Amino acid sequence: MRPTGLVAVALTLSLAGCSPESASDSPASTESSDAADSSDATDSSDATDSADASDGPDATDGALDVVAPDTADGTVDSGLEVQEADVESPPALPFTIGEGDYAGVAVVDATPQDFETFSDLNGNHRFDGCRHEPAGGTEACPEPYDDKDGDKEFDAAFVAGFDDLRAAADVHDPIEVRAIVLARGTEYLAIVSVDVIGLAGDRIERAQERLGEMGWDPGRVIVSSTHTHQGPDTRGLWGSPFRKEGAWSGANPVYNASLTDKIVEAVDLAGKGLKHVTLKAGATAMRDRSEWFNGKNFGGKSPTDKLHGLINDGRDPVIVSDQLFALRAVDDQNETVAMLLNFSGHPEAVGDENQSLSADYVYTLRSRVEAHFGGRAVFVPECLGGMQSSLGGKIPQTDESGAWLMEKDEQGADVPVVSSEASFDFARSVGTHLADAAIDALEAGDDFTLDPFLVTSTPLYVPVDNGSFQLLFKLGLFDVDPSIATRDPELCPWWTGDELHPGCVALTVWHVRLGPVEFLTAPGEILPELFWGNPTDDPRFAEESNDPTQRGKEDGRDAVYFLQHPKACDATTYSECTNALEVAGCDCLHFHAAPYTPQGTAHAAAATRLAGKYRFLIGNADDHLGYAVPEPDFNRRVSQLLGTDGDHYEETNSVSFRFGTVLEEAWDRVLTP
């Protein structure tokens with residue numbers, strides 16, 4: 001949902017970093033509403049699967065970065081005036097309910113249909129033919145494709161994530177749109193999850209507007225995407241956007257338009273299927289589930305030393321968000337109606353050689369909790385950035401029944417079979433561990449009611465400072481209407497007048513309180529320290545954060561958090577590296593801020609300001625702008641296009657170095673009483 005009178009340009013990951021300029025300060029409008037990657041289509045089926053609507057009440061009709069000025073305390077001022085968010089009056093209900101708590105759920109199939117496939121003659125899992133040459137067989141166009149409709153256009157379902165031109169060969173499991181609606185009294189909220197890597201904000205806004213025409217408050221519809229790296233490309237980056245013979249977007253606008261339809265359908269069905277329910281919530285840290293979910297650095301037994309809570313963090317410092325949150329709604333017949341699940345790990349466990357469309361580990365996670373409790377489960381991602389992923393980590397493997405595979409160690413003792421090999425078996429193992437955690441958390445969880453029921457929101461304006469984003473936006477390769485950015489100086493003070501710079505993305509950030517359950521939203525992949533803060537309970541972190549000589553692995557050093565630190569950077573200040581790749585022998589690509597302070601503002605980490613017992617974040621909500629990196633640790637010179645990213649890959653795929661700071665300021669507004 002966009003702030004009143006504004007809609008946003010939806011952007012996604014790119015292939016280059018940013019460059020600095022100067023900016024002016026200007027206040028922003030902060031009117032409130034009740035609603036709000038890394039690397040990785042065709043018509044869709046109309047099949048749906050939802051809770052029995054007949055039992056519920058009927059629905060009524062109805063290269064141009066800019067440098068922010070530093071403040072006296074060393075934090076960063078984004079240039080926008082901070083104002084409080086407003087709590088709006090309860091909305092009119094699009095349905096009729098009685099006393100107590102209500103929940104409804106719906107699942108709508110969105111699997112691409114009738115896409116064309118190719119012959120992978122060299123076995124590299126990517127299309128090495130030519131877009132308009134279906135026969136192939138030439139030196140320039142060796143691989144043929146099945147031109148089903150005879151239009152000499154390769155109508156592939158390109159798989160989002162990892163390398164480009166990874167065209168799908170088949171479907172492993174359904175791509176779906178799932179919605180859960182929670183309601184009490186005059187309050188309600190719809191949360192929607194789409195099995196794609198990310199969805200353009202204008203696609204989401206169209207769904208919200210159409211639901212508004214049906215009687216829903218658009219500000220009460222939050223849409224996220226699971227970020228699966230095995231789903232269809234919905235952003236345009238995994239065709240071949242930089243092909244010399246012509247840029248080729250991987251997105252299918254017809255398919256993407258169908259997702260808007262399916263979001264509307266899912267919310268409508270979930271609302272029509274509302275049932276009176278009792279609620280339970282639970283959460284667990286995966287690090288506490290098994291010593292095999294942690295490596296040596298964190299007191300565990302996994303051969304992957306830095307594994308922590310099933311997360312193999314790919315960026316220094318090694319800070320993970322390993323909480324698994326689960327909510328369950330049970331009707332008056334003691335039947336499960338719906339569940340809401342939340343975890344941070346990238347759904348990329350199947351890996352980069354897969355050509356089968358899939359929800360990745362999310363498929364197993366949802367399927368197993370549904371098999372145990374009944375009902376349908378909606379999964380939304382948490383802090384995806386930094387890189388939160390199980391990929392590359394050696395974790396216990398499971399069989400199809402969910403049992404751990406075991407073997408004998410050298411002493412003859414039974415130990416788990418561990419593997420880091422990306423595959424559907426690996427994804428099944430990740431999903432199984434998370435499902436088991438969700439089941440246990442709910443069995444031991446707390447009964448609760450949706451009281452208080454609080455939904456507030458605030459606008460967020462993010463400048464499109466990434467030079468490659470600007471270029472791809474200009475070329476029309478993103479699935480987005482290029483006319484919907486704002487250059488209003490009151491809202492986008494960072495626009496310098498350069499015509500290549502589209503201005504600011506206009507977004508919404510939500511704060512929701514549902515009894516003891518409380519969460520914020522973010523329109524992208526958030527590094528966990530932005531939301532949760534640093535792991536200050538571990539003295540080793542403080543030592544490495546404050547003293548670079550405690551970092552790295554050179555000359556007998558044994559760091560836990562800053563593993564890649566070059567010894568040559570010991571005496572370098574990070575301000576020297578902010579706009580550089582190398583400084584006096586220091587490799588800035590593997591150096592991080594010292595001390596490491598993720599918050600770019602004077603505000604405490606957002607999670608510490610939430611009062612609910614169960615706290616989490618919904619990422620990729622309202623848009624998908626790539627990574628939100630702590631501004632104090634943002635390297636503005638890295639470029640994936642030039643092969644210069646090192647341990648600062650996330651910066652190459654972030655809409656702006658300001659993203660983290662303006663997001664924190666939005667959280668502050670929406671949390672300010």
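The values are calculated or read from the model by the stated rules, or taken from the named source; none is laboratory data. Worth saying up front: this structure is predicted, and the values here are computed from it rather than measured. Using ideal geometry, Cβ is built from the backbone for each residue, glycine included, and neighbour counts are taken over all protein chains shown. Note: areas computed on protein heavy atoms with side chains; ligands, DNA, RNA excluded. Shrake-Rupley method; radii C 1.70, N 1.55, O 1.52, S 1.80 Å.
When peptides 181-191, 568-578, 149-159, 226-236 are ranked by their average number of other Cβ atoms within 10 Å per residue, the highest-first order is 226-236, 181-191, 149-159, 568-578. Maximal additional length on extending the E213-V254 stretch stands at 12.5 nm, based on 0.36 nm per residue less the C-alpha distance.
Taken per residue, the accessible surface of segment 418-511 reaches 31 Å², heavy atoms only and a 1.4 Å probe.
Rg/Rh for segment 327-400 (Cα atoms only, Rh after Kirkwood) is 1.04.
Accessible surface of the chain, 1.4 Å probe: 48 percent of it comes from carbon and sulfur atoms. Across the options G198, F162, L182, the greatest Cα extent toward the positive end of the charge dipole of segment 158-215 (unit charges at beta carbon of Lys, Arg, Asp, Glu) belongs to L182. In a simple Cβ point-charge model (Lys, Arg +1; Asp, Glu -1; nothing else charged), the chain has a dipole of about 720 debye relative to its Cα centre.
Over the Cα atoms of segment 127-170, what is the Rg over Rh ratio if Rh follows Kirkwood? Ratio value, two decimals: 0.97. Taking every protein chain into account, the accessible area of segment 173-290 amounts to 24 square angstrom per residue (probe 1.4 Å). Could you state the accessible area per residue of segment 536-673 in Å², with a 1.4 Å probe and every protein chain left in place? Ligands and nucleic acids excluded, the figure is 34 Å² per residue. Cross-link partners of K152 among lysines, defined as those whose alpha carbon lies under 23 angstrom from its own and excluding same-chain residues fewer than eight positions apart: K244.
With a 1.4 Å probe rolled over the protein heavy atoms of all chains, the accessible area of S420, S656 falls in the order S420, S656, largest first. Other residues within the sphere of radius under 14 Å centred on the Cβ of E421, judged by their own Cβ, net out at -2 (K and R +1, D and E -1).
Quick note on the chain: its Rg to Rh ratio, both from C-alpha atoms and Rh being the Kirkwood radius, is 0.95.
Which pairs in the list K301/K408; K301/K567; K306/K394; K296/K394; K280/K613 are over 19 Å apart, alpha-carbon to alpha-carbon? The answer is K301/K567. Taken over the alpha carbons of segment 478-621 as equal point scatterers, the Debye sum produces base-10 log I(q)/I(0) values at 0.10, 0.11, 0.19, 0.21 Å⁻¹ of -0.55, -0.66, -1.11, -1.17.
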